[in-house]
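What follows is a short report on a single structure.
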Amino acid sequence: SITSFFHDVAYLSKKLHIKFHGEQFLGVKIENTYETLLTIFALWNLDICPVMLSTNLSEKELSQLKNQVPFYKVISNIPKINKNQDKDINFNFLNIKSDAIVIFTSGTSSIPKGVLLTFENIIQSALSTISFFNFKQNNKWILSLPMNHIAGLMIPMRALLGGGSVQVENSDILEWSKINKNSFCSLVPTQLTRALVGHEEKIINNLKCLKLILIGGSKIPLELLSLAREYQLNLSPSYGMSEACSTIAAIPPKDFLLGNDYAATIL
């Protein structure tokens, strides 16, 4: 629940305060889990700006990123959460104009560039997506993209700000738990291609249950769009970038199913 989540945030804040008090930026190099989200919120509570890092970074790559952003320490695991902690919650909500997080661009053409986003950037982006796709409190957003990229980070932010819930899953759709009919998800083309390549009825039926499949992050092959339309998936091809805090334009699923592959709407 939201209450237990913030209890865990408060507990973790106390633990991280001892080790990282006084840091302005802190590298976060943790696999995609519930604990990753806890860490981000705990650092916000301590007025520390998380710098989201891939778990696959080499020492050389890490050094290159440190030349851009002044973070001197990296957190790669968190203390075990004590579920019997004190129930008093002290959470300091920060000024929305202040620095929230550093996300690095994909680095497809050169060294990844650090993008500094504010809380206002995150909130406005999340609210525009929630409104555009009509995300409701009974909806769930499946998180299968890494949170060190903007597309992954914004999934739990949309779910929390929309009053819904988050389902944390592996990147491989074939390993997902049961999908309910109130679920949204965000994917990259490679994920959807791998899921559809076997034409397995169970996987396709699961995907057909989804209210929304927001897809982007790289060029989407026309063959994949045709296959998704053939299976009547509620696909929304989208365009976004780290500098704009994720999605800035998308094709609504109903328009996609009518044959629109190109004309996106600005959120």
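In segment 201-212, of all residues being in contact (Cβ under 8 Å) with a residue 12 or more places away in the chain and open to solvent by 50 Å² or more (accessible area, probe 1.4 Å), the one that is farthest from ILE142 (Cα to Cα) corresponds to LYS208. The condition (being modelled with pLDDT of 90 or more, out of contact with any Leu (no Cβ under 7 Å at 6 or more places or on another chain) and part of a helix (DSSP H, G or I)) is satisfied by just one residue among ASN260, ASN206: ASN206.
Is it the case, given these coordinates, that TYR262 is open to solvent by less than 50 Å² (accessible area, probe 1.4 Å) and hydroxyl-bearing (Ser, Thr, Tyr)? Here the answer is no, as TYR262 does not meet what is asked. Quick check, is ILE215 farther than 22 Å from MET157 by Cα, without any contact (Cβ under 8 Å) to a residue 40 or more places away in the chain and of a type in the set (A, V, I, L, M, F, W, C)? No, not satisfied.
For segment 156-171, residues that are surrounded by fewer than 19 Cβ atoms within 10 Å (Cβ to Cβ) and under 12 Å from PHE5 (Cβ atoms) total 3. The number of residues in segment 225-248 that are open to solvent by less than 10 Å² (accessible area, probe 1.4 Å) and farther than 16 Å from CYS185 by Cα comes to 2. Just one of (1) at pLDDT 90 or above; (2) assigned to a loop (DSSP other than H, G, I, E, B) fails for ASN84. It is (1).
Whether any residue in segment 134-144 is at pLDDT 95 or above, on the phi > 0 side of the Ramachandran plot and either touching a Leu at 6+ places or on another chain (Cβ under 8 Å) or part of a loop (DSSP other than H, G, I, E, B) (or both) is what I want to check. Yes, the conditions are met somewhere in segment 134-144.
The values are calculated or read from the model by the stated rules, or taken from the named source; none is laboratory data. What you are looking at is a predicted structure, and each value in this text was computed from that prediction instead of being measured. Heads up, the Cβs are rebuilt from the backbone with ideal geometry, glycines too, and the neighbour counts pull from every protein chain shown. What goes into the accessible areas is simple: the full protein's heavy atoms, side chains included, and nothing from ligands, DNA or RNA. Shrake-Rupley method; radii C 1.70, N 1.55, O 1.52, S 1.80 Å.
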